[in-house]
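The values are calculated or read from the model by the stated rules, or taken from the named source; none is laboratory data. All of these numbers come straight from a predicted model, not from anything done at the bench. Neighbour counts are summed over all protein chains in view; Cβ atoms, including those assigned to glycine, are modelled from backbone coordinates with ideal geometry. In case anyone asks, the SASA skips ligands and DNA or RNA and just uses the protein heavy atoms, side chains included. Shrake-Rupley method; radii C 1.70, N 1.55, O 1.52, S 1.80 Å.
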Amino acid sequence: MGFRRHGPFRPGDQVQLTDPKDKRHTVTLKEGGVFHTHKGSIPHDDLIGLPEGSVVRSSGGTSYLAFRHLLHDYAVSMPRGAAVVYPKDAAQIAAMADIFPGARVVEAGVGSGALTCFLLRAVGESGKVTSYERREDFAEVARKNVEKFFGGPMPQWRLVVGDLVASIDESDVDRVILDMLAPWECVDAAAKALTPGGVICCYVATTTQLSRTVESLRDHGSFTEPHSWETLVRDWHVEGLAVRPGHRMVGHTGFLVTSRRMADGVTPPPRRRRPAKGAYGEESGT
């Protein structure tokens, strides 16, 4: 990917400054620039040339710890056109959808580009990510965010302004990631694009979306039994013998659903567990 993310700070780097109260500020370094805060100012030239992990002092005497952004820091602080996929969910997508170096990935619903950054990092220089976004304004925000993080255009990334169902021209892709209001509308298009053994992963916010997505995957006939879950993250306070859960946690942000594309003409095996009585309503006959 070419963009150097180690070594001394240099002009153009995004630096995260953290004060003693863990308040964080993002600064894009430029020669002659100055970072201003109510705790004093810090000339950018004081940072340029320092190694990561250095401490700099503002003119008011406050110490700041300086590091380059980690991707999860950048994702939650980036300018937004649409809501971002939070790092806890992006990490689950990268792991549970098995995004690997060299993978061909189709993403629909690019939002602000947070998940796109994780996908591009995972597929590496030999992979390819194609992102479909219906709204041109969201697509432009995402393009700026992705190129800002990686330091320029990414040759392995193609951003398409348009609807996935109407615009998709890929075939034999390894993974399809759907982050949209109605992913069930794209299940057939995803099935046609995926190679046998490929993974579809859907990110939805509500239980009604979750239910319809899962049932659509079941009814389509080309996918294995869907797996659904959510991830909750809780920090812990550790101070000597005072070890306790944090007062805040990152609770529900969304549900994830994964399923695998079966070979053409193969019928899914019957589900082992029968649905509970009434699960599909009184009129369903099940």
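Annotations
- Candidate set: the stretch 19-58, residues that are of a type in the set (Lys, Arg) and in a strand (DSSP E or B); chosen: the one surrounded by the most Cβ atoms within 10 Å (Cβ to Cβ): 24
- Of all residues in the stretch 20-49, those satisfying the criterion of being in contact (Cβ under 8 Å) with a residue 12 or more places away in the chain and either touching a Ser or Thr at 6+ places or on another chain (Cβ under 6 Å) or hydroxyl-bearing (Ser, Thr, Tyr) (or both) are 24, 26, 28, 37, 39, 40, 41, 42.
- Any hit, the stretch 260-268, residues being under 24 Å from the mean Cα position of the chain (by Cα) and either assigned to a strand (DSSP E or B) or in contact (Cβ under 8 Å) with a residue 40 or more places away in the chain (or both): yes
- Residue 191 fulfils the conditions (1) in contact (Cβ under 8 Å) with a residue 60 or more places away in the chain; (2) crowded, with 17+ Cβ neighbours inside 10 Å; (3) under 19 Å from residue 92 (Cα atoms) except for a single criterion, (3).
- When residue 152 is tested against the conditions (1) farther than 21 Å from residue 169 by Cα; (2) open to solvent by 40 Å² or more (accessible area, probe 1.4 Å), the lone failure is (2).
- Residue match in the stretch 201-221 (condition: surrounded by 21 or more Cβ atoms within 10 Å (Cβ to Cβ), over 18 Å from the mean Cα position of the chain (by Cα) and not in a helix (DSSP H, G or I)): no
- Hey, residue 159 assigned to a strand (DSSP E or B) and touching a Lys or Arg at 6+ places or on another chain (Cβ under 7 Å) or not: yes
- Residue ID - farthest from residue 67 (Cα to Cα), chosen from residues in the stretch 1-17 that are at pLDDT 90 or above and open to solvent by 30 Å² or more (accessible area, probe 1.4 Å): 11
- Of the residues making up the stretch 219-242, those that are out of contact with any strand residue (DSSP E or B) (no Cβ under 7 Å at 6 or more places or on another chain) and free of Cβ contacts under 8 Å to residues at least 12 places away in the same chain are 219, 238, 239, 240, 241, 242.
- In summary, helices (runs of 4 or more DSSP H) completely within the stretch 59-148 and bearing 2 or more residues that are open to solvent by 20 Å² or more (accessible area, probe 1.4 Å) and closer than 19 Å to residue 5 by Cα occur at 71-77, 114-123.
- Number of positions in the stretch 134-146 that are of a type in the set (D, E, K, R) and under 15 Å from the mean Cα position of the chain (by Cα): 1
- Against the numbered list (1) among the aliphatic types (A, V, I, L, M); (2) at pLDDT 80 or above; (3) farther than 30 Å from residue 192 by Cα, residue 257 comes up short only at (3).
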